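K.L.:
Encoded as structure tokens, here's the structure I'll be asking about.
Readers should treat all values here as calculations from the given coordinates under stated rules, not as data from a laboratory. Not measured: the values here are computed from a predicted model. So basically every Cβ, Gly included, is an ideal-geometry build from the backbone, and we count neighbours across all protein chains shown.
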Amino acid sequence: MAGITIDDIERSERVRAVTDNFFFWQGRRFIALGPVLIVAAFVTNARIDERLTKGLLIAATVLALIVSARIGRRYRAEFGSVRPIPGAHALRSRIKWLLVYPAMFASLALDSLYPQALPVFLSGFVWAVGLVLYRKSTGQGRVHYLTLAACLAGLGLVPLATAITGRELVSVMLLVLGAGYTAAVLLDDDEMRAVMKGA
Amino acid sequence: MDQTPFAELAAVDRLVHEPSRLAILSALLACAEADFQYLLTVTGLTKGNLSSHLSKLESGGLVAVEKGYQGKIPWTRARLTADGRARVETHWRDLERIRGNARRWR
């Protein structure tokens, strides 16, 4: 018997979780999304031409996709590649596209269009739940997502204590999310390296 | 008298139950197939040791290894066979049970 320990078992369990969700753990792949959210926070708040706003957002998104593809190639060269099991996450995809994303965008629309409808900033709570579900469904670990979710949930309570409306909080949330997400994906990368390299 | 968790560990599938092979098989259990580079990274083994473990697993019928060339660059990919997947899944269920027992035993 080659001296296997409970630590070996736990490490293998983490390897399994990371391999199962390898795409999502390649944090730097998504790093450009943080700045895109920050740009979105500024352009939705600034009084600039609507066409220019859309143009800026589209340009930032295209740039983010190009950066993501290039970084993905670097990850493949460094870590190798895995082919996922077809249909292994069908339920996760259904919940994500049919429930979580629509709820996130509906809350954002409600807070933007009817800021007085609720005494709280609904998007803060809904997006926090979205982040928690993202972490849970993509292999746990990465406790920084819980910190970020707590910040968003905290924003949800701001209208109770101040005169700031939900509409104003949308750009604050995008800013917090953009900065927090940028930090989170760098931490994802660190944690993935620690799991992969046996730390 | 009930077996201790340590005695239970000694009775499990020895081909699977070796730290490096468990890491290889755990990675393969979570995907359809993985390339040699990926398995090198997750195990931290040398190329020679990884090849040796993959050969043992292939001989034991747990893993299928495919080799080829893309242009002049060689590639190696590994995947669990149907029997291998069933055995590794059973092994993981056993490990989870043993770990649960070990926690109670402490």
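K.L.:
Fully extended, how many nm does the chain gain between residue A:96 and residue A:140 (0.36 nm per residue separation, minus their Cα-Cα distance)? Please report the intermediate quantities before stating the final value.
P.N.:
Details: separation 44, 0.36 × 44 = 15.84 nm, distance 1.63 nm.
Answer, rounded to one decimal: 14.2 nm.
K.L.:
Determine, for B:63, A:120, the number of other Cβ atoms within 10 Å of each Cβ, and report the residues in order from fewest to most. Please list the in-between numbers first.
P.N.:
On the way: B:63 24, A:120 16.
Ranked by crowding around the Cβ, least crowded first: A:120, B:63.
K.L.:
Additional query: How large is log10 I(q)/I(0) at q = 0.10, 0.20 Å⁻¹ when the Debye formula is applied to the Cα atoms of segment A:1-149, each weighted equally and without solvent?
P.N.:
-0.50, -1.47
K.L.:
List the trypsin sites (Lys or Arg not before Pro) in segment B:35-89 that DSSP assigns to loop (not H, G, I, E or B) and whose Cβ has at most 15 other Cβ atoms within 10 Å. Which are they? Please list the in-between numbers first.
P.N.:
Working: sites: B:47, B:56, B:67, B:72, B:77, B:79, B:85, B:87; in loops: B:72.
Those that pass, being in a loop and sparsely packed, are B:72.
K.L.:
Out of segment A:1-94, which trypsin sites (Lys or Arg not before Pro) are coil in DSSP terms and have no more than 11 other C-beta atoms within 10 Å?
P.N.:
Hits after loop and neighbour filter: A:47.
K.L.:
When we measure straight from the Cα of residue A:136, which aspartates and glutamates land under 16 angstrom away, once same-chain ones fewer than 8 places off are left out?
P.N.:
List returned: A:13, A:20, A:188, A:191.
K.L.:
Mind listing the Cα extents of segment B:7-106 along all three principal axes, in Å, largest one first?
P.N.:
Here the Cα extents, ordered largest to smallest, are 55, 26, 21 Å.
K.L.:
With all pairs of different alpha carbon atoms counted, what Kirkwood hydrodynamic radius in Å does segment A:122-199 show?
P.N.:
On the way: mean 1/r = 0.0750 Å⁻¹.
It works out to 13.3 Å.
K.L.:
Right, something else. Cα to Cα, under 27 Å, and not fewer than 8 places away if on the same chain: which lysines meet these conditions relative to residue A:54?
P.N.:
A:96
K.L.:
Okay, moving on. What number results when the radius of gyration of the protein assembly as shown, computed over Cα atoms, is divided by 2.2 N^0.38 Å? Don't skip to the end; give the middle numbers.
P.N.:
Values: Rg = 23.4 Å, N = 305, 2.2 N^0.38 = 19.3 Å.
Dividing the Cα Rg of the protein assembly as shown by 2.2 N^0.38 Å gives 1.21.
K.L.:
Which lysines, on any chain, are close to residue B:47 with Cα under 18 Å apart, when same-chain ones fewer than 8 places away are left out?
P.N.:
List returned: A:197, B:56, B:67.
K.L.:
Shifting gears a bit: Which of the trypsin sites (Lys or Arg not before Pro) found in segment A:102-199 are in a DSSP loop and have at most 12 neighbouring Cβ atoms, other than their own, within 10 Å?
P.N.:
Passing sites in segment A:102-199 are A:197.
K.L.:
Related question: When the helices in the protein assembly as shown are scored as -39500 (n - 2.57) per DSSP H run of 4 or longer and the sum is shared across all residues, what 222 nm value do you end up with, to the nearest 500 deg cm²/dmol?
P.N.:
Numbers: 14 runs with 208 residues, N = 305.
That calculation yields -22500 deg cm²/dmol at 222 nm.
K.L.:
Can you give the average number of partner chain beta-carbon atoms within 10 Å of each beta-carbon in peptide A:75-83, as a whole number?
P.N.:
Details: counts 0, 3, 1, 2, 6, 11, 8, 13, 7.
Averaged over the peptide's residues, the number is 6.
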